[in-house]
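Undergrad: Below: one structure in structure tokens.
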Amino acid sequence: MFGIGMPEMLMILAVALIVIGPRKLPDLAKSLGKAFKEFRGATGELKNSLNIDNELTENWKKTKKDVNDIKDNIKNTVIGKEEIKNTVAGKKTENKTAENKEK
């Protein structure tokens with residue numbers, strides 16, 4: 001924990017006991033415990049929020065890709081029908097030209 005070993009931890013506790021006093025030390029420890037608990041809770045909420053943001057971004061990208069695929073399919077279908085229409089119209093024109101030449 002923060003690179004503090006057991007001897008350093010004991011030294012800090014001894015100094016805290018002398019400076020703060022034995023009566024206030026349990027209250028201080030209790031307050032620090034609550035502060036750490038709240039900090040962990042806030043950190044957990046932040047992680048969840050980031051995970052939700054990542055999921056939304058991934059869903060947005062997938063939806064955008066799906067919409068683009070649908071758009072491309074519609075475009076290809078329309079182009080295909082126009083080509084068929086033009087091919088049929090071209091054959092009719094060729095037939096009319098051939099008929100006019102025969103006359």
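Let's see how each residue does on (1) exposed (fewer than 10 other Cβ atoms within 10 Å of the Cβ); (2) assigned to a helix (DSSP H, G or I); (3) among the β-branched types (Val, Ile, Thr):
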| residue | (1), (2), (3) |
| --- | --- |
| 9 | no, yes, no |
| 12 | no, yes, yes |
| 22 | yes, no, no |
| 30 | no, yes, no |
| 43 | no, yes, yes |
| 46 | no, yes, no |
| 58 | no, yes, no |
| 69 | no, yes, no |
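Undergrad: Quick check on residue 65: is it assigned to a helix (DSSP H, G or I) and modelled with pLDDT of 85 or more? Spell out how you get there, then give the answer.
TA: Values: assigned to a helix (DSSP H, G or I): yes; modelled with pLDDT of 85 or more: yes.
Spelling it out, residue 65 is indeed assigned to a helix (DSSP H, G or I) and modelled with pLDDT of 85 or more.
The values are calculated or read from the model by the stated rules, or taken from the named source; none is laboratory data. Model, not experiment: these values are computed from the prediction. We place every Cβ from the backbone using ideal geometry, glycine too, and count neighbours over all the protein chains shown.
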